[in-house]
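Reading through the structure tokens given below for one structure.
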Amino acid sequence: MGVEPVKKADALRPIQLTLFITPNSVASSAAVLNVRRALGEHSPRAFSLEVIDVIRDPQRFLRESIFVTPTLVATDRARRVVGELSDGSLLGYFLQSLLHPSEPTDERSGKL
């Protein structure tokens, strides 16, 4: 089972990222800042970010099987990262792995 090549039309469409947060949470506030900073440093046009307040949209929270906030999900890639996302290198690796899915995952951080 190999990785499917990215179609040209898909390569032009931004990768949809969804950040699930809890309002008034220090970790969620930090995650929003950290993700926005990382997107500014890595091909910002390649990504589209949606921030979801789980208190305002609990059905989406449940439908997406999110159990912890903050959680960053690459919607069409079925990958996620949990936590305040303060580790810039892990967040950068996560974003790069979405842009270049054929590259192997980092054994230190496990499957992304």
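None of the figures in this text is laboratory data; all of them are computed from the coordinates on show. Model, not experiment: these values are computed from the prediction.
For the reader, a short list of remarks on this structure follows.
- Mean projection area, nm², convex hull over Cα of the stretch 13-99: 5.1
- In plain terms, the chain from Arg37 to Ser89 could stretch by 17.5 nm, reckoned as 0.36 nm per residue minus the Cα-Cα distance.
- The length gained by stretching the chain between Arg63 and Val51 to full extension, at 0.36 nm per residue less their Cα-Cα distance, is 2.8 nm.
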